[in-house]
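The values are calculated or read from the model by the stated rules, or taken from the named source; none is laboratory data. These numbers were taken from a predicted model, which means no experiment stands behind them. Every residue, glycine among them, receives a Cβ derived from its backbone with ideal geometry; neighbour counts consider all protein chains shown.
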Amino acid sequence: MPHIHEKIDFTVAIFVVAGNRALLIHHRKLDKWLPLGGHIELDEDPEQAALRETKEESGLDVELLGERPPTTGPGTRALIGPRFLDIHRITDSHEHIGMIYWARPKGGETRLAADEHHDIRWCTAADLDQLQPPISEAVKWYALKAIEEAGE
């Protein structure tokens, strides 16, 4: 996906949790363990982007977790808010505003998107310390928090 703006883009990150495990991918281009996710496209809202990216990158249909406020009226559609927001630098002149969601699988089969990822893996809290290359402290924190809050 090309950047929408040269200085900043909006992105989604989805930590899918089943039982006591979070789904992570080993990103081919970045050589990092990350959650599912990507850019929000011009013709979609953050919820649509999260559902699309999850399906494209894992084969799973998911339910986003969170509260949808009862404020929908003519010309308005309330969205499930992300669990967290961040802003992270991509290059010296480009940043991403990240909307971080928790989700649970509701259908489909987990599969590798081989053109984008080296690996896709369900990880327990203990598995996170064994990943190679090592997982970043930020992604580890989010994964542990997702397992704690969304695990069953």
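Results, tabulated for the structure shown:
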item	result
Checklist (1) assigned to a strand (DSSP E or B); (2) modelled with pLDDT of 95 or more; (3) surrounded by 15 or more Cβ atoms within 10 Å (Cβ to Cβ); (4) not hydrophobic (A, V, I, L, M, F, W, C) applied to Glu57, failing item	(1)
Out of Leu30, Leu42, sole residue that is of a type in the set (A, V, I, L, M, F, W, C) and under 22 Å from Ile120 (Cβ atoms)	Leu30
Only one of Gly37, Gly73, Gly19 that is surrounded by fewer than 14 Cβ atoms within 10 Å (Cβ to Cβ) and within 19 Å of Ile147 (Cβ to Cβ)	Gly19
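Condition check ((1) in contact with a Ser or Thr (Cβ under 9 Å, 6 or more places away or on another chain); (2) closer than 15 Å to Asn20 by Cα; (3) among the charged types (D, E, K, R); (4) not in a helix (DSSP H, G or I)) across all residues:
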| residue | (1), (2), (3), (4) |
| --- | --- |
| Ile90 | no, no, no, yes |
| His96 | yes, no, no, yes |
| Lys106 | no, no, yes, yes |
| Arg111 | yes, no, yes, yes |
| Gln132 | no, no, no, yes |
| Val139 | no, no, no, no |
| Leu144 | no, yes, no, no |
| Glu148 | no, yes, yes, no |
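So that you can scan it fast, the table gives a plain yes or no per residue for (1) surrounded by 18 or more Cβ atoms within 10 Å (Cβ to Cβ); (2) under 21 Å from His39 (Cα atoms); (3) within 15 Å of the chain's Cα centre (by Cα):
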site: Ala103; (1), (2), (3): yes, yes, yes
site: Lys106; (1), (2), (3): no, no, no
site: Glu116; (1), (2), (3): no, yes, yes
site: Cys123; (1), (2), (3): yes, no, yes
site: Asp127; (1), (2), (3): no, no, no
site: Gln130; (1), (2), (3): no, no, no
site: Ala143; (1), (2), (3): yes, yes, yes
site: Glu148; (1), (2), (3): no, no, no
